[in-house]
Every structure is written in structure tokens, then in C-alpha cells.
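Enquirer: One structure follows; several queries about it will come next.
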Amino acid sequence: MTSTASPEPPRGGIEDRLQTDRPHSARVWNYLLGGKDNFPVDSQVGDAVLSAFPEFAAVARLQRRFLARAVRFLVREAGVRQFLDLGAGLPTADNTHELAQRIAPESRIVYVDNDPLVLVHAEALLTSTPEGACAYVDADVRDPERILAEAATTLDLSRPVALTMLGIMGQMSEADRPAELVSALLSALPPGSYLALSDGTDTDEALTRAVEAYNQQSAHTYHLRSPEDIASWFAGLDLVEPGVVATASWRPDPGDDVAGAPGVSVAGVGKKA
């Protein structure tokens with residue numbers, strides 16, 4: 001739950017949009033990761049989720065580690081130098097631009113989110129190397145036309161782009177047509193582009209109860225799906241080995257505890273031919 005896919009936010013001031021009396025997915029996720037950029041209402045929901053599924057914080061950390069492994073692969077092995085990060089969330093250690101520019105300083109990154117607190121912290125996200133670039137798009141994930149139009153001011157969409165979507169698809173119900181959203185974004189990117197995606201699965205009863213508790217208290221609901229449904233979003237792409245697998249099992253680093261990791265999310269990377 002790294003970000004929000006809520007309806008178009010009101011374009012008032014930041015204070016008007018914060019809604020500190022209602023939990024927000026980006027802030028709850030920040031709390032689960034041990035961050036400080038959240039409000040009491042967010043920590044209360046986070047505690048309720050952890051009460052129902054104590055491993056949820058570990059799941060949050062798993063997705064962050066997958067992001068690091070995926071970005072390293074995309075930069076080092078695939079040669080990608082452009083990233084479109086949907087559902088950026090609040091800044092934490094090893095953000096996409098830091099991971100990419102550490103290897104290739106000329107990398108260019110566009111973050112997309114519509115949480116006003118993320119906007120407040122955008123300056124931290126936008127600290128790029130002199131050779132590269134970072135930008136932030138304040139937009140809803142369900143508005144691909146606007147996202148692509150604004151991203152094009154920083155990225156060259158005639159060259160390969162890595163589209164990263166961690167936890168964001170669960171923010172959308174079936175009525176939001178998530179598969180069509182992925183397709184719309186990828187169709188605007190050239191051959192050689194990649195999709196890196198991870199999301200929660202409906203394979204664990206305790207996690208299902210935790211998400212139900214979250215949905216009862218949050219302004220935005222989260223939707224677990226089967227591993228097969230999530231894998232279907234890679235349709236038409238050439239999957240990078242080992243395919244769509246448990247998040248901890250996607251190209252683990254030496255020393256990673258794959259066997260002991262919660263198996264409640266899957267991840268994959270696919271290339272557009």
C-alpha cells in the first residue's frame with residue numbers, strides 16, 4: 001500500500017488536502033516501515049493491521065528490497081536510464097532515483113503520487129545528481145494521459161522507460177480496470193521498456209482479515225488478488241527470469257532469508273518487445 005489511487009484530489013491548498021482525521025495509505029505504509037511522516041490516525045490503523053497480521057511490516061520491507069533488486073537489474077543488466085515510478089509514496093532510504101543514480105548518475109526519474117504529504121516532501125525526492133534528473137507528478141494513477149504528458153517533460157518517451165508499480169495496483173478495484181491501466185501506460189512506451197510490479201495476494205487468511213480491518217477504517221480500500229490475476233498484467237511482455245514469483249524469491253541477494261519470508265505477495269519484471 002505504497003500510495004493512493006483515490007479519485008482526483010481537490011486542488012486546494014496542501015492543508016486542505018491532508019485530511020489528518022482520516023488514514024491515508026501512503027502514511028500508513030510509512031508507519032509500517034518505521035517512518036515518522038504520519039499522523040495518529042495512520043498509526044492507529046497500522047497497529048490494527050499489525051494486530052491482525054503481525055508480519056505486515058515485513059511485507060512492506062520485502063517490497064522495498066524488491067525495488068532495490070529490480071532497479072539494480074534494470075540499470076546494470078538491462079541498461080535502462082529512465083524510470084516512471086507510480087505510487088512513489090513518502091521518501092525513505094534507497095528511493096528509485098538514489099538506487100539508479102548510484103549506478104548510472106545520468107538516470108532520469110519521474111515519481112507519481114497524489115498524496116499531499118508526499119508533495120510536501122517532494123523536495124527530498126527531487127535531489128538528483130547533476131548528470132541526471134528527477135521530477136514529481138501530482139496525479140492520480142488512474143489518469144495515464146496526464147501522467148504520460150507530464151512525465152514527457154523529463155523523460156524521453158522515444159527511449160526505453162522502466163515503469164515501476166509497487167503495491168499500487170491493489171489500490172484499484174476491478175471497476176477501475178487495472179489491466180487496462182497497465183496496458184495504456186505500456187502502450188505509450190517504446191520497445192525495450194520494462195514493467196516492474198509487486199502486489200499483495202489473497203492466499204493468506206490472516207492477511208485477508210488484516211486488509212479487511214484496514215478497509216473498514218481507511219478512506220481508500222485495498223484489493224488483494226490471486227497470483228494468477230497479478231501475473232496477467234504482464235500479458236504480452238517477455239518475463240525476466242524467474243518470472244512472476246513470491247516477492248522474496250525474485251532474484252534474491254546473497255544472504256536473503258527467502259524461506260522465512262512471508263509469501264503473501266508476488267513480483268515480476270517484464271520487457272516490452
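The values are calculated or read from the model by the stated rules, or taken from the named source; none is laboratory data. All values derive from a computational prediction rather than experimental measurement. As a convention, Cβ positions derive from the backbone with ideal geometry for all residues, glycine included, and neighbour counts pool all protein chains shown.
Enquirer: VAL112 passes all but one of (1) in contact with a helix residue (DSSP H, G or I) (Cβ under 6 Å, 6 or more places away or on another chain); (2) assigned to a helix (DSSP H, G or I); which number fails?
Expert: (2)
Enquirer: So, LEU74, is that one under 19 Å from the mean Cα position of the chain (by Cα), surrounded by fewer than 24 Cβ atoms within 10 Å (Cβ to Cβ) and not small (Gly, Ala, Ser) or not? First the steps, then the outcome.
Expert: On the way: under 19 Å from the mean Cα position of the chain (by Cα): yes; surrounded by fewer than 24 Cβ atoms within 10 Å (Cβ to Cβ): no; not small (Gly, Ala, Ser): yes.
In short, no.
Enquirer: Here's another thing I want to ask about it. What pairs can you find where one residue is in the range 184-196 and of a type in the set (Phe, Trp, Tyr), the other is in a helix (DSSP H, G or I), and their Cβ atoms are less than 8 Å apart, with a gap of 6+ or different chains?
Expert: Between residues of the range 184-196 that are of a type in the set (Phe, Trp, Tyr) and residues that are in a helix (DSSP H, G or I), the close pairs are TYR194/LEU74.
Enquirer: Please specify each residue of the range 249-265 satisfying the condition of being touching a Pro at 6+ places or on another chain (Cβ under 8 Å) and either farther than 27 Å from PRO191 by Cα or surrounded by fewer than 13 Cβ atoms within 10 Å (Cβ to Cβ) (or both).
Expert: As a first pass, look at the range 249-265 and keep what is touching a Pro at 6+ places or on another chain (Cβ under 8 Å): 249-251, 258.
Scanning the range 249-265 gives a single hit, VAL258.
Enquirer: For the range 170-198, how many residues are within 20 Å of VAL266 (Cβ to Cβ), hydrophobic (A, V, I, L, M, F, W, C) and out of contact with any Phe, Trp or Tyr (no Cβ under 7 Å at 6 or more places or on another chain)?
Expert: Counting residues in the range 170-198 that are within 20 Å of VAL266 (Cβ to Cβ), hydrophobic (A, V, I, L, M, F, W, C) and out of contact with any Phe, Trp or Tyr (no Cβ under 7 Å at 6 or more places or on another chain) gives 5.
Every residue, every condition in (1) in contact (Cβ under 8 Å) with a residue 40 or more places away in the chain; (2) of a type outside the set (Asp, Glu); (3) part of a helix (DSSP H, G or I); (4) more than 22 Å from TYR136 (Cα to Cα), yes or no:
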position: ALA70; (1), (2), (3), (4): yes, yes, yes, no
position: VAL75; (1), (2), (3), (4): no, yes, yes, no
position: GLU98; (1), (2), (3), (4): no, no, yes, no
position: GLN101; (1), (2), (3), (4): no, yes, yes, no
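Enquirer: Let me ask another. When the range 196-224 is examined, which residues are found to be in a strand (DSSP E or B) and of a type outside the set (D, E, K, R)? Give the derivation first.
Expert: Within the range 196-224, the subset in a strand (DSSP E or B) is 196-201.
ALA196, LEU197, SER198, GLY200, THR201, listed by residue number.
Enquirer: Are there any pairs, at least 6 apart or on different chains, whose C-beta atoms fall under 7 Å, with the first in the range 227-242 and free of Cβ contacts under 8 Å to residues at least 40 places away in the same chain and the second exposed (fewer than 13 other Cβ atoms within 10 Å of the Cβ) and of a type in the set (A, V, I, L, M, F, W, C), and if so, which?
Expert: ASP238/ALA273
Enquirer: Right, next: Please pick out the residue among ASP113, ASP156 that is among the charged types (D, E, K, R) and within 17 Å of the chain's Cα centre (by Cα).
Expert: ASP113
Enquirer: Out of the range 136-154, which residues are in contact with a strand residue (DSSP E or B) (Cβ under 8 Å, 6 or more places away or on another chain), more than 20 Å from VAL80 (Cβ to Cβ) and either of a type in the set (Val, Ile, Thr) or part of a loop (DSSP other than H, G, I, E, B) (or both)?
Expert: Result: ALA139, VAL141.
Enquirer: So how many residues does the range 155-183 have that are modelled with pLDDT under 95, touching a helix residue (DSSP H, G or I) at 6+ places or on another chain (Cβ under 8 Å) and part of a loop (DSSP other than H, G, I, E, B)?
Expert: 2
Enquirer: Pick from the range 4-18 the residues that are in a loop (DSSP other than H, G, I, E, B) and surrounded by fewer than 15 Cβ atoms within 10 Å (Cβ to Cβ): which of them is modelled with the lowest pLDDT? Quick ask: steps written out before the conclusion?
Expert: Here is the first cut: in the range 4-18, the residues in a loop (DSSP other than H, G, I, E, B) are 4-13.
Restricting the remaining residues to those that are surrounded by fewer than 15 Cβ atoms within 10 Å (Cβ to Cβ) gives 7-8, 10-13.
On the way: PRO7: 40, GLU8: 46, PRO10: 43, ARG11: 48, GLY12: 51, GLY13: 52.
Restricting to residues being in a loop (DSSP other than H, G, I, E, B) and surrounded by fewer than 15 Cβ atoms within 10 Å (Cβ to Cβ), the top hit is PRO7.
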